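Before any comments, here is the structure.
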Amino acid sequence: MNSIIRIAVQKSGRLSDDSLSLIKECGIKFYNGTGKLKSTSTNFPIEFLFLRDDDIPGYVSDGVADLGIVGENELVEKDREVEILKRLGFSKCRLSLAIPKGEHYDDIRYFEGKSLATSYPKILGDYLRSKNINAEIHEISGSVEIAPSIGLAEGICDIVSSGSTLMMNGLKEVEEIFKSEAVLIANKYLSEEKLSIVDRLLFRINAVQKGKSNKYVLLNAPNESLEKIISLIPGMRSPTILPLAQEGWSSVHSVLSEDQFWKNIEELRAAGAEGILVVPIEKMVI
Ligand code: PRT
Ligand code: ZN
């Protein structure tokens with residue numbers, strides 16, 4: 001049987017570019033013309049549905065799509081039964097409570113008996129309940145940040161990224177209630193055949209993500225420092241050591257984690273390394 005999986009991605013918005021880039025970095029080719037709602041890859045058994053992000057959790061839990069890429073905020077709010085396969089590390093944001101900036105704020109009890117506007121009534125309701133706060137929730141679908149200035153609510157609960165939208169609307173962030181990033185979700189009841197295609201896709205996503213979080217490092221070092229340098233950059237199995245034309249020196253090639261990068265570079269220099277080159281890695285299969 002020629003099985004194919006179907007993935008739902010956002011048609012146009014803050015998730016679309018990164019979702020499609022990830023797919024392309026996985027070597028999956030497809031045509032994505034304007035206005036197209038469906039497309040099939042020419043070199044991988046996958047079909048794309050381009051949808052509003054609000055609809056993605058429902059399509060995946062109903063099995064109309066097998067996979068989806070969506071913000072965790074939208075996923076938790078929609079409360080549909082799906083499996084999170086992978087956190088994707090893009091579209092990071094937080095859901096926060098904000099109030100007019102002139103207001104005095106001590107703690108969450110501020111919101112007792114107050115009214116709050118939001119597009120996330122479930123996440124907000126769960127949070128307030130967990131804190132034993134009774135507040136009135138006004139669900140609105142957009143432009144939440146103007147609610148206090150037009151007298152619709154006393155505070156808001158909305159997505160914050162840089163914080164500039166809140167500032168421009170005379171609001172201040174007082175509590176962060178949820179952290180979000182894009183996630184790859186799957187229907188819980190996929191067939192064995194579909195699962196094996198999903199595994200192939202995950203293998204590629206892992207290779208792309210690993211590549212992004214690591215750098216290839218080349219450096220020169222005097223032979224007497226090699227032992228110390230190898231202990232600093234052990235690499236995937238062990239570093240490659242090649243002799244330089246100059247007697248007593250070697251070239252060391254290895255892989256370094258992005259998180260450790262600056263600390264390791266400083267330690268390498270202190271250990272005698274010089275001529276350090278750092279090169280991005282496109283994919284990494286371990
Ligand atoms: O049309 P469709 O329904 O598909 O898209 P949408 O308009 O509902 O969503 P979209 O494209 O705006 O966002 C999709 C997802 O991106 C969200 O569900 C979040 O998971 C994530 N994301 C990341 C954000 C932001 N950053 C973000 N900054 N979603 C919205 N914002 C908005 C926020 O609502 C507020 O108005 O940006 C403003 C705040 O930004 P700052 O930088 O001023 O703080
Ligand atoms: Zn939406």
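Residues being surrounded by 13 or more Cβ atoms within 10 Å (Cβ to Cβ) and either more than 28 Å from Ser61 (Cβ to Cβ) or among the basic types (Lys, Arg) (or both): count how many of those fall in segment 88-115.
Residues flagged as surrounded by 13 or more Cβ atoms within 10 Å (Cβ to Cβ) and either more than 28 Å from Ser61 (Cβ to Cβ) or among the basic types (Lys, Arg) (or both) within segment 88-115 amount to 14.
Looking only at segment 1-49, which residues are in contact with a Leu (Cβ under 7 Å, 6 or more places away or on another chain) and among the charged types (D, E, K, R)?
Result: Arg6, Lys11, Lys38.
Out of all the residues in segment 50-65, which are away from ligand 1 (no atom under 12 Å from the Cβ) and touching a Lys or Arg at 6+ places or on another chain (Cβ under 6 Å)?
Of everything in segment 50-65, those that are away from ligand 1 (no atom under 12 Å from the Cβ) and touching a Lys or Arg at 6+ places or on another chain (Cβ under 6 Å) turn out to be Gly58, Ser61, Ala65.
Need pairs with beta-carbon distance below 7 Å; first residue under 12 Å from Glu274 (Cα atoms) and within segment 202-231, second of a type in the set (Val, Ile, Thr) and assigned to a helix (DSSP H, G or I); sequence gap 6+ or separate chains.
Once the first residue is under 12 Å from Glu274 (Cα atoms) and sits in segment 202-231, its partners that are of a type in the set (Val, Ile, Thr) and assigned to a helix (DSSP H, G or I) give Ala221/Ile229.
Go through segment 16-85 and tell me which helices (runs of 4 or more DSSP H), entirely inside it, have 1 or more residues that are closer than 15 Å to Asn187 by Cα and modelled with pLDDT under 95.
none
Right, Ser196: away from ligand 2 (no atom under 16 Å from the Cβ), without any contact (Cβ under 8 Å) to a residue 12 or more places away in the chain, part of a helix (DSSP H, G or I) and not acidic (Asp, Glu) or not?
So Ser196 fits the description; yes.
Return the pairs, sorted by first residue and then second, in which the second residue is loosely packed, with under 10 Cβ neighbours inside 10 Å and at pLDDT 95 or above, the first residue lies in segment 22-37 and is among the β-branched types (Val, Ile, Thr), the beta carbons are less than 8 Å apart, and the residues are 6+ apart or on different chains.
Pairs that qualify, where the first residue is among the β-branched types (Val, Ile, Thr) and the partner is loosely packed, with under 10 Cβ neighbours inside 10 Å and at pLDDT 95 or above, are Ile28/Asn43.
Every residue in segment 1-15 that is within 16 Å of ligand 2 (Cβ to nearest atom) and either touching a His at 6+ places or on another chain (Cβ under 6 Å) or within 19 Å of Ala186 (Cα to Cα) (or both), please.
Ala8, Val9, Gln10, Lys11, Leu15
Could you list all residues from segment 143-187 that are assigned to a loop (DSSP other than H, G, I, E, B) and in contact with a Lys or Arg (Cβ under 7 Å, 6 or more places away or on another chain)?
Glu154, Gly170, Glu181
The values are calculated or read from the model by the stated rules, or taken from the named source; none is laboratory data. Owing to the predicted nature of the structure, the values given are computational and were not obtained by experimental measurement. Quick reminder, even Gly has a Cβ in these numbers, built from the backbone with ideal geometry, and neighbours come from all protein chains shown.
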